[in-house]
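Asker: Below: one structure in structure tokens.
The values are calculated or read from the model by the stated rules, or taken from the named source; none is laboratory data. The shown structure was predicted, so the numbers you read here are calculated from the model rather than taken from an experiment. As a convention, Cβ positions derive from the backbone with ideal geometry for all residues, glycine included, and neighbour counts pool all protein chains shown.
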Amino acid sequence: MNISLSQASQYMFAAESVVITGHVHPDGDCLGSMLALFRLFQQKRVKARLLLDDEIPSLYAFLPDLHEIERPIEPIEADLLIVLDASDIERIGKVREYVSAPVLNLDHHISNTGFADYLFLDPLAAATGSILYSLFRQEGIKPDELTATCLYTAIATDCGFFRYANTTSDTLRYAAELLDCGVQPALVAEALETKPASNIFTLIHVLETLEIVLEGKVACVTVASDVLEIGESTDDFINYPRSIEGVEVAIMFKQTDASFTRISLRSRNVDVSAIALSFGGGGHKRAAGCSIASPLDEAKRQIFVAVASALEEVK
Ligand SMILES: [Mn+2]
């Protein structure tokens, strides 16, 4: 059932105990949103727990309360399960098995499957963090400095630090207000942009796989399974093919194993969420992802066919 943001806050604050979760392969929006909401519940003295069925990339170590995030290992009783930034129940992993409570979902993915009992969906919001900050504003709550840092991180990371097409005047207004709460944007940017040298060597390796196909409109890189095994964060690498002149769609293939390939898609105009959705994935119009249970070569072939026909349509 679709609900308004004020209904969402009514459901949230009527609960005596909540579990907050987000999607596997957590990003800045997922983690920042989870932590900001957790801190709000703590402030309101509502029993809240944070659950996430994945590792937390060390990149986010500057965020407060990360140690409060638990892996789902046993059944948990709660009045409400709040799912943030996840468009599909599969995206929360084992959390759904261990928490049997009504599900409230706050999300901004246009591909949201409507899995939750209560859904507030705003596909125009740059981030789930923007939705959450709207909720703070609606409740008349000024976030403390650390909570504001969580919200700012959520918003800034999902709009490429205010450069992507999803950046709106609200995105910038919210960021400005969060700075008034004490956020230091240079510290957030530095924490997120500083990488170990090994990550740059991995980048060199991955950039060697760069291919430009379909008359220069598609650029892709491939992360081989041995590179993935090192455990380096490779998510940003898609920005390199994405930045090439004339490229409409950028693709990153990750060879998870011999028979499974994960695909990230970025575009300038083409609706890549529709392509991702056709392979059982999802995302946003200009940033989406999916997986194909095939070896790399076959996955590539299928994606190129889908991308070629999407490019035909926008001609
Ligand atoms: Mn998001």
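Asker: Which is more than 18 Å from the chain's Cα centre (by Cα) and more than 25 Å from Ala276 (Cα to Cα), of Leu35, Leu51, Leu80, Leu66?
Answerer: Leu80
Asker: For region 157-166, check the following and say yes or no: at least one residue is in a helix (DSSP H, G or I), assigned by TED's automatic domain parsing to the domain that holds Gly32 and either more than 15 Å from the ligand (Cβ to nearest atom) or within 18 Å of Pro26 (Cβ to Cβ) (or both).
Answerer: Yes: region 157-166 contains one or more residues that are in a helix (DSSP H, G or I), assigned by TED's automatic domain parsing to the domain that holds Gly32 and either more than 15 Å from the ligand (Cβ to nearest atom) or within 18 Å of Pro26 (Cβ to Cβ) (or both).
Asker: Filter region 214-234 for residues that are surrounded by fewer than 16 Cβ atoms within 10 Å (Cβ to Cβ) and in contact (Cβ under 8 Å) with a residue 12 or more places away in the chain and give the result.
Answerer: Those that are surrounded by fewer than 16 Cβ atoms within 10 Å (Cβ to Cβ) and in contact (Cβ under 8 Å) with a residue 12 or more places away in the chain: Leu214, Gly216, Ala224, Ser225, Ile230, Ser233.
Asker: Can Ser33 be described as more than 16 Å from the ligand (Cβ to nearest atom), touching a residue at least 60 places away in the same chain (Cβ under 8 Å) and part of a helix (DSSP H, G or I)?
Answerer: No: the conditions fail for Ser33.
Asker: Scan region 117-162 residue by residue and report those that are surrounded by 24 or more Cβ atoms within 10 Å (Cβ to Cβ) and among the acidic types (Asp, Glu).
Answerer: Asp158
Asker: Just to be sure before I move on: is Val183 modelled with pLDDT of 95 or more, within 29 Å of Leu311 (Cα to Cα) and either more than 16 Å from the ligand (Cβ to nearest atom) or among the polar types (S, T, N, Q) (or both) in the structure I sent?
Answerer: When the stated conditions are applied, Val183 does not pass them.
Asker: Given the conditions (1) within 16 Å of the ligand (Cβ to nearest atom); (2) surrounded by 21 or more Cβ atoms within 10 Å (Cβ to Cβ), report the number of the one that Asp88 does not fulfil.
Answerer: (2) is the only condition that Asp88 fails.
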